[in-house]
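Take a look at the following structure, please.
The values are calculated or read from the model by the stated rules, or taken from the named source; none is laboratory data. All figures in this text were calculated on a predicted structure; none of them were measured in a lab. For neighbour counting, all protein chains shown are included, and Cβ atoms are generated from backbone atoms with ideal geometry for every residue, glycine included. Accessible surface is based on the protein model in full, side chains and every heavy atom, while ligands, DNA and RNA are left aside. Shrake-Rupley method; radii C 1.70, N 1.55, O 1.52, S 1.80 Å.
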Amino acid sequence: MALLNSSPRIAIIGAGIIGLSGAYELAVRRGARVSIYDTRSPGRGASWAAAGMLAPAFEAADEPGQHPRFFELCLQGAAAWPDFANELSARSGLDIGFSRVPCLAAATGSSEETRLGRIAARLTAARIEHSALTAQDILRREPALTPEVISGLELPSDLRVNNRQVVDALISALRACPKVRFVPGPAPLRSAAGQLRLEGHDVILGAAGWETAVIKVEERGQLFNLVNWETALDDIESYGGQMLSVADGAGAPKHVVRAGHVYLVPRDGRVVIGATVEPDRVIDEPDDVAIEALRLEAVQLCPGLADAPVLERWAGVRPGTPDHAPFIGGTRTPGLFVAAGHFRNGILLAPVTARIIADQILGKEAGELAAAFSLRRAYTATA
């Protein structure tokens, strides 16, 4: 839908990294007027709880059940980050912790080694740089790892940022932009004669993660969920996740390390350890049993962390779809767009999602790949 207004007024519901990045693209880079609504403090949901990994290879090259073009989208997401990081740092005056140090993926057993082999094969087919590592190779690169490591991969495609600093930088850049206003509280959506309205705005973008479906709309004095205006939103599920960080020390890793579902991310004098994936769970506070189990798994991978003091424990909720890929695009309701359902890759996909959704809202050609992530797609997963 092309907007006739040369300076469209856009309401974004959700101030996580997807909503904030969308606002940045629309307002700061393209000059649209944007209002950002959220019932919480900006950037303090799943975006704050993440680890900041930009991992197209480890997360998307060999994931069962995912969208057949998800890996391609993740590669575009990773390619967008260097310029996005430089621009955001320059505009905000804040360091966002963007690092080009490659991630290491380690195998301590045959099943993990087999999976790394499949990842390497996919990267080879796509002509994406990587290195297969013997046990000796990976231990030379990361001496903190357990001697039980049997092989690994070095993944120059998989980098990192400090997600909390990214969120702070986006908020700073947006607050400095006269085209943007932050509105605490729920967006006063209304429906009349079958039309969805938010007074003073031309377009509505739902970017509230797993809660997008339950954004409230007033109709004839009653409140209804937004899913009634776009039934595909009912397919966004909640995935609880728990994490912790421990103090850095002599035995801590210097690289991001992935092994199975466990990851270690060194940053700012600590090591972030993650993460559980708990389907159909909304969790605000971590529980002792899950955190201790995660800590012990990290110690098995990196024995030098055994006595590292725990600095922080937290939990969040990821929004996921049946094929683990986001919804990006227009809906069956005119003027309503959605960018939600990014599962474990919201940080990675934020800049490319912002570009795609901005193109669509402003009536520009978003490209053939973007169309594959519409809300109308069929859930045909990879084999």
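Given labels modelled 7 Å from the Cα in the Cβ direction, how far is it in nm from E72 to R122?
1.4 nm
Got a sec? Charge dipole of the chain, +1 on Cβ for Lys and Arg, -1 for Asp and Glu; which of A46, V289, F224 is way out at the positive end?
Toward the positive end, the furthest listed residue is F224.
What FRET efficiency do you get for E148 and V277 if R0 is 22 Å and r is their Cβ-Cβ distance, rounded to the nearest 0.05?
Efficiency for this residue pair is about 0.40.
Pick out, from H324, A340, A55, the residue whose Cα sits farthest towards the positive end of the charge dipole of the chain, with +1 on the Cβ of Lys and Arg and -1 on the Cβ of Asp and Glu.
Value computed over the given set: A340.
Also: Report, in degrees rounded to the nearest 10, the 0 to 90 angle that the Cα long axis of helix 163-175 makes with the longest principal axis of the chain.
Tilt relative to the chain: about 30 degrees.
Over the chain, with a Gaussian network built from C-alpha contacts below 10 Å, which listed residue (Q360, Q136, Q76) shows the highest mean-square fluctuation?
Ranking Q360, Q136, Q76 by mean-square fluctuation puts Q136 first.
For the range 244-383, what is the convex hull (Cα atoms) projected area averaged across all directions, in square nanometres?
11.0 nm²
Taking the Cα centre of the chain as origin and charging only Cβ (+1 Lys, Arg; -1 Asp, Glu), how large is the dipole, in debye to the nearest 20?
Using only the charged Cβ atoms, the result is roughly 1260 debye.
Over the range 216-327, with every protein chain in place, what whole percent of the accessible area is carbon and sulfur at 1.4 Å, could you tell me? Write down the numbers at each step before the final one.
On the way: 2380 of 4840 Å².
Reported share for carbon and sulfur atoms: 49 percent.
May I pose another question? For the range 167-256, rounded, prolate or oblate, judged on the Cα gyration tensor with a ≥ b ≥ c (square roots of eigenvalues), a/c < 1.5 rounded, else prolate if a/b > b/c?
Oblate.
May I ask for the angle, rounded to the nearest 10°, between helix 288-301 and the longest principal axis of the chain, with both axes built from Cα atoms and the value confined to 0 to 90°?
Around 50 degrees separate the two axes.
Which far-off residues, 5 or more places away or on another chain, put their amide H under 5 Å from the one on L205, with H placed in the peptide plane?
A11, I12, I13, F337
Which percent of the accessible area of the range 1-144 is formed by carbon and sulfur heavy atoms (probe 1.4 angstrom)?
50 percent
Also: Does the range 255-317 classify as rounded, prolate or oblate by the C-alpha gyration tensor (a ≥ b ≥ c root eigenvalues; a/c under 1.5 gives rounded; else a/b over b/c gives prolate, otherwise oblate)?
Working: a/c = 1.70, a/b = 1.55, b/c = 1.10.
Prolate, since a/c reaches 1.5 and a/b exceeds b/c.
With an 8 Å cut-off on Cα pairs and a minimum separation of 6 or more residues, tell me the relative contact order of the chain in percent.
This gives 25 percent for the chain.
Right, next: Per DSSP H run of at least 4 residues, take -39500 (n - 2.57); add these up for the chain, divide by its residues and hand me the 222 nm value, nearest 500 deg cm²/dmol.
Here the helix-only value at 222 nm equals -8500 deg cm²/dmol.
For the range 294-383, what is the charge dipole size about the Cα centre, in debye to the nearest 20, if Lys and Arg each add +1 at the Cβ and Asp and Glu each add -1 at the Cβ?
With only Lys, Arg, Asp and Glu charged at Cβ, the dipole is about 260 debye.
May I ask you to work out the translational diffusion coefficient for the range 27-129 at 37 °C, viscosity 0.692 mPa s, via Stokes-Einstein with Rh from the Kirkwood sum over Cα pairs, reported in whole µm²/s?
Working: Rh = 16.7 Å.
D, rounded to a whole number, is 196 µm²/s.
Whose amide H sits under 5 Å from the amide H of L311, counting only residues 5 or more places off or on another chain, with H placed in the peptide plane?
HN-HN under 5 Å from L311: S245, V246, A247.
Place +1 on the Cβ of every Lys and Arg and -1 on the Cβ of every Asp and Glu in the range 21-87, take the dipole about the Cα centre, and give the residue among S21, L75, A85 whose Cα lies farthest towards its positive end.
Result: S21, furthest along the dipole toward the positive end.
Sticking with this one: Count the DSSP beta bridges whose two residues both fall in the chain, then state the antiparallel fraction as a percent rounded to the nearest 5. Before the final figure, lay out the partial values.
On the way: 48 of 69 bridges.
Percent antiparallel among DSSP bridges in the chain is about 70.
Using the per-residue mean of other Cβ atoms lying within 10 Å as a proxy for protection, in what order, highest first, do the peptides 229-236, 24-31 fall?
24-31, 229-236
Moving on to the next point. What translational diffusion coefficient, to the nearest whole µm²/s, does the range 60-203 have by Stokes-Einstein, given a Kirkwood radius computed over alpha-carbon pairs, a temperature of 25 °C and 0.890 mPa s viscosity? Provide the component values of the computation, followed by the final result.
Working: Rh = 19.0 Å.
This corresponds to a translational diffusion coefficient of 129 µm²/s.
Please find, in a Gaussian network model of the chain (springs between Cα atoms separated by less than 10 Å), the residue of A126, A105, A79 whose mean-square fluctuation is greatest.
Of the options given, A126 has the highest mean-square fluctuation.
Quick one: grab the alpha carbon gyration tensor of the range 311-383, order the square roots of its eigenvalues as a ≥ b ≥ c, and give me rounded if a/c is under 1.5, else prolate or oblate depending on whether a/b is larger than b/c.
prolate
In square angstrom, what is the accessible area per residue of the range 209-338 with a 1.4 angstrom probe?
Result: 42 Å² of accessible area for each residue.
Would you mind checking the tilt of helix 346-361 against the longest principal axis of the Cα atoms of the chain, expressed as 0 to 90 degrees and rounded to 10?
30 degrees
When the scattering of the range 288-349 is computed by the Debye formula from its Cα atoms alone, each counted once and equally, what is log10 I(q)/I(0) at q = 0.15, 0.18 Å⁻¹?
Treating every Cα as an identical point scatterer, log10 I(q)/I(0) equals -0.68, -0.80.
Roughly how many whole Å is it from the C-alpha centroid of the range 177-194 to that of the range 227-297?
When both Cα centres are located, 32 Å separates them.
Testing the spin-label approximation: label points 7 Å from Cα along Cα→Cβ at V310 and A90. State their distance in nm.
With each label placed 7 Å out from Cα toward Cβ, I get 4.4 nm.
Which of the aspartates and glutamates could be linked to K254 by a straight reach, that is with a Cα gap under 20 Å, when you skip same-chain ones fewer than 8 residues away?
Here the aspartates and glutamates satisfying the reach criterion relative to K254 are D95, D137, E142, E148, E154, D158, D268, E297, D307, E312.
Give the long-range amide H neighbours of F182: residues separated by 5 or more places, or on another chain, with amide H under 5 Å away, using H modelled in the peptide plane at 1.01 Å from N.
So F182 has HN proximity to I36.
How far apart, in nm, are two points set 7 Å out from the Cα along the Cα-to-Cβ line at Q195 and at A176?
Those two pseudo-labels are separated by 3.9 nm.
Sticking with this one: Could you size up the charge dipole of the range 202-253 around its Cα centre, putting +1 on the beta carbon of Lys and Arg and -1 on that of Asp and Glu, and report it in debye to the nearest 20?
160 debye
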